[in-house]
């Protein structure tokens, strides 16, 4: 049984969560039966009077909602939930624990919220009659990395809002599928001979010791994997491209094994403990949710004091913004998927998983060719 999807619609009071949530529910209901809608006002009745509206009580209530949604989605039921729940740690928990999670932020100017004010919360707070109003006398943490942002200021229709949510899900899935095909065609066109190792592989080799185990995540044609094995490392190379792995497995290469699989979801790959993980140009090739899943897998499978070597395309790169936008910092350009990485955000995720950043750099000149000189991020992180 597949897991359900959680549509987490968040925004301040008056942002339109219930209206858009109901419209989304009825649109999704045309295609699936195992679907429910949970509105924040109704959910409060389930919690009862045990929780008030202080910051601590609001956060407890938000975690209750998250756990309820996880229980439902784990059983194959999709959920549309409309809630304020403006806490970074709650949304981080959702991403970490709910497999299919779509975060939708309704961003509305405070002046517009004050005019809508059907519940009288904002006018009551201004008059000193109401306390603990989120976004007024109570601080909130607006979503930093929502999957979808909707400026629901009245200039777009409810139907347009729903279509934006529906299109997001389809576009991302289709793009990922196309990108595997892109790389299969790429390796079909390219010469099969192994090229020189990348500059990044040469840069990180001095950090490694011989006879240690390393996984090359997204190994491609294997040029860096082969380089590592030639220098005395035991290498497992993983890539989703059948063309690339099929070619590599034609040869009996010493100290190396190559696997065609999804390096994000294949849990069996991470049952072995590795001394090193190597990820060159792969993290920006998956969605943000897939990135988090990958980082967790690496964290669980790397030995204490093991090193994680990362090179990714930066949001400061010249290609950022080109092509069709399909998600936050994510574009399809020349039929190729690219997600551009914010260095600080990646470092924070690694630190949350108990990695220590021992080297970092963000610049051009790290992988310069005759046709391009991208802005890249290099990170070496040690597991605590």
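No lab work stands behind these numbers, since they all come straight from the coordinates. This structure is a prediction, so every number in the text was calculated from the model and none was measured. Positions of Cβ are backbone-derived with ideal geometry, glycine not excepted, and every protein chain shown enters the neighbour counts.
Descriptive notes on the structure:
- Relative contact order (%) - the stretch 244-311, alpha-carbon pairs under 8 angstrom, separation at least six: 39
- Working from Cα pairs under 8 Å separated by at least six residues, relative contact order for the chain is 13 percent.
- DSSP assigns beta bridges within the chain; of those with both partners inside it, close to 35 percent run antiparallel.
- Among 336, 247, 211, sorting on how many other beta-carbon atoms sit within 10 Å of each Cβ, with the fewest leading, yields 211, 336, 247.
- Among 195, 230, 250, the residue with the largest mean-square fluctuation in a Gaussian network model of the chain, with springs joining Cα atoms closer than 10 Å, is 250.
- Against the rule of thumb 2.2 N^0.38 Å, how large the Cα Rg of the stretch 199-383 comes out: 0.99
- Against the main long axis of the alpha-carbon atoms of the chain, helix 158-189 sits at an angle near 0°.
- Residues 326, 112 arranged by fewest to most Cβ contacts within 10 Å: 112, 326
- Cα long-axis angle, helix 88-97 against the chain (0 to 90 degrees, to the nearest 10): 60
- Which label in (1) 63, 41, 39; (2) 65, 54, 39; (3) 73, 42, 40 gives the computed Cα extents along the principal axes in Å: (3)
- Residues considered: 289, 31, 304. Largest GNM mean-square fluctuation over the chain, using C-alpha springs under 10 Å, is found at 31.
- Rounded tilt (10° steps) of 343-352 against the dominant C-alpha axis of the chain: 90
- Mean residue ellipticity, 222 nm, helices only, the chain: the sum of -39500 (n - 2.57) across DSSP H runs of n ≥ 4, divided by residue count and rounded to 500, is -11500 deg cm²/dmol.
- Ranked list, fewest to most other Cβ atoms within 10 Å of each Cβ, for 54, 287: 54, 287
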